Amino acid sequence: MARNASPSGLRSAFTLVEILIVVVILGILAAVVIPSFANATEPTRQAAFVTNMQDFAEAAQLHRIRNGSFPPDSNSGELPDGFEDLIDPRDWIGPTPIGGVWDTEDVGDDYGVGIHFNGTGETRDDEYMTQIDEIFDDGDLAAGLFQSTGGGRYYLILIRN
């Protein structure tokens, strides 16, 4: 008796048509499932961004408690002096979960930890960042704890007083 043969002597295998039908069904399932996963990633990126920003704001507050002042303002994407002992520098360097780079800034009389959309990764507009503001604050980028300062910059405001 030949290998892979049935008792009647015929070989059992899938036909090309059966394989093609399975491939088409898998393709249809993938077309239905993949867009739902793609949409699920955006809220995940926003949540990661918010968590990171809160961690960095807490690190800036801790720096202020230990040293009497917030970390010095740094160039966008560069780790501020004194932050290396408070956060993992790898979390700061490179693009944020939503694009752009991390930044610290003197914002009027206060201090901000935020994001600068400087062409690194995706660039987000005020409409998108308003969604982020609704997580932090009041959904108004002109006032409150999370604000736009213009030029693709958005900061969580930390009060100096």
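The values are calculated or read from the model by the stated rules, or taken from the named source; none is laboratory data. None of these values were measured; they are calculated from a predicted model. We place every Cβ from the backbone using ideal geometry, glycine too, and count neighbours over all the protein chains shown.
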Boolean, F70 is part of a loop (DSSP other than H, G, I, E, B), modelled with pLDDT of 90 or more, of a type in the set (F, W, Y) and under 19 Å from T149 (Cβ atoms): yes
Looking only at segment 59-96, and only at residues there that are small (G, A, S) and under 21 Å from the mean Cα position of the chain (by Cα), the one that is nearest to E122 (Cα to Cα): G94
Any hit, segment 145-155, residues being in contact (Cβ under 8 Å) with a residue 60 or more places away in the chain, surrounded by fewer than 18 Cβ atoms within 10 Å (Cβ to Cβ) and not in a loop (DSSP other than H, G, I, E, B): no
Residue within segment 80-90 that is without any contact (Cβ under 8 Å) to a residue 60 or more places away in the chain, out of contact with any helix residue (DSSP H, G or I) (no Cβ under 9 Å at 6 or more places or on another chain) and under 20 Å from E42 (Cβ atoms) present: no
Close pairs (6 angstrom Cβ cut-off, 6 or more residues apart or separate chains): within 17 Å of N75 (Cα to Cα) in segment 107-128, modelled with pLDDT of 90 or more and of a type in the set (K, R) anywhere: H116/R153
Counted residues, segment 98-131 - those being buried (at least 19 other Cβ atoms within 10 Å of the Cβ), in contact with a Lys or Arg (Cβ under 8 Å, 6 or more places away or on another chain) and on the phi < 0 side of the Ramachandran plot: 7
Among (1) surrounded by 11 or more Cβ atoms within 10 Å (Cβ to Cβ); (2) polar (S, T, N, Q); (3) assigned to a helix (DSSP H, G or I) - the single one T44 does not satisfy: (1)
Hey, I135 closer than 21 Å to P43 by Cα, modelled with pLDDT under 95 and surrounded by fewer than 17 Cβ atoms within 10 Å (Cβ to Cβ) or not: yes
D55 modelled with pLDDT of 80 or more, among the acidic types (D, E), assigned to a helix (DSSP H, G or I) and surrounded by 11 or more Cβ atoms within 10 Å (Cβ to Cβ): yes
Looking only at segment 75-97, and only at residues there that are touching a Leu at 6+ places or on another chain (Cβ under 9 Å) and in a loop (DSSP other than H, G, I, E, B), the one that is surrounded by the fewest Cβ atoms within 10 Å (Cβ to Cβ): I93
